[in-house]
Amino acid sequence: MLRVTVEERGNQVVFRVEGKLKGPWVTELERCWRSTSGRATGKTFGVDLDGVDFVDDQGKALLSEMSRAGVELTATDLMMSATLQQIMAAQ
């Protein structure tokens with residue numbers, strides 16, 4: 001299961017993601033990102049991954065795409081931080 005909470009923090013829209021980013025949940029995060037970014041012109045975007053405990057290859061590919069599009073990916077959890085480092089190194 002995945003939970004995505006959209007928060008506006010000043011001039012930034014942050015997607016707070018919790019659960020497992022895999023399978024159909026990757027598609028759901030992508031849908032949230034694309035629909036929100038289409039309506040929130042002039043805003044920057046971020047993804048808070050502190051609540052995520054697993055990311056599959058499809059999820060890593062989406063996070064990589066989001067990063068290349070300028071979305072700021074953050075995680076303080078050691079496991080997620082390592083995952084983000086792998087994603088960034090592969091770009």
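The values are calculated or read from the model by the stated rules, or taken from the named source; none is laboratory data. In this text the structure is predicted, and so the values were computed from the model without any measurement. With ideal geometry, Cβ positions are generated from the backbone for all residues, glycine too; neighbour counts draw on all protein chains shown. The accessibility values were calculated without ligands, DNA or RNA, using every heavy atom of the protein model including side chains. Shrake-Rupley method; radii C 1.70, N 1.55, O 1.52, S 1.80 Å.
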Could you tell me which residue of region 66-80 is least open to solvent (accessible area, probe 1.4 Å), considering only residues that are within 15 Å of E18 (Cα to Cα) and of a type in the set (S, T, N, Q)? T74
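Would it be correct to say that K20 is farther than 15 Å from V4 by Cβ, out of contact with any Lys or Arg (no Cβ under 9 Å at 6 or more places or on another chain) and surrounded by 15 or more Cβ atoms within 10 Å (Cβ to Cβ)?
Working: farther than 15 Å from V4 by Cβ: no; out of contact with any Lys or Arg (no Cβ under 9 Å at 6 or more places or on another chain): yes; surrounded by 15 or more Cβ atoms within 10 Å (Cβ to Cβ): yes.
Criteria not met by K20.
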Flag for L29 being surrounded by fewer than 16 Cβ atoms within 10 Å (Cβ to Cβ) and either within 23 Å of M1 (Cβ to Cβ) or of a type in the set (S, T, Y) (or both): no
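Do we find a residue being free of Cβ contacts under 8 Å to residues at least 12 places away in the same chain and among the small types (G, A, S) anywhere in region 72-87?
Yes.
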For region 1-13, check the following and say yes or no: at least one residue is without any contact (Cβ under 8 Å) to a residue 12 or more places away in the chain, part of a loop (DSSP other than H, G, I, E, B), loosely packed, with under 11 Cβ neighbours inside 10 Å and not hydrophobic (A, V, I, L, M, F, W, C). yes
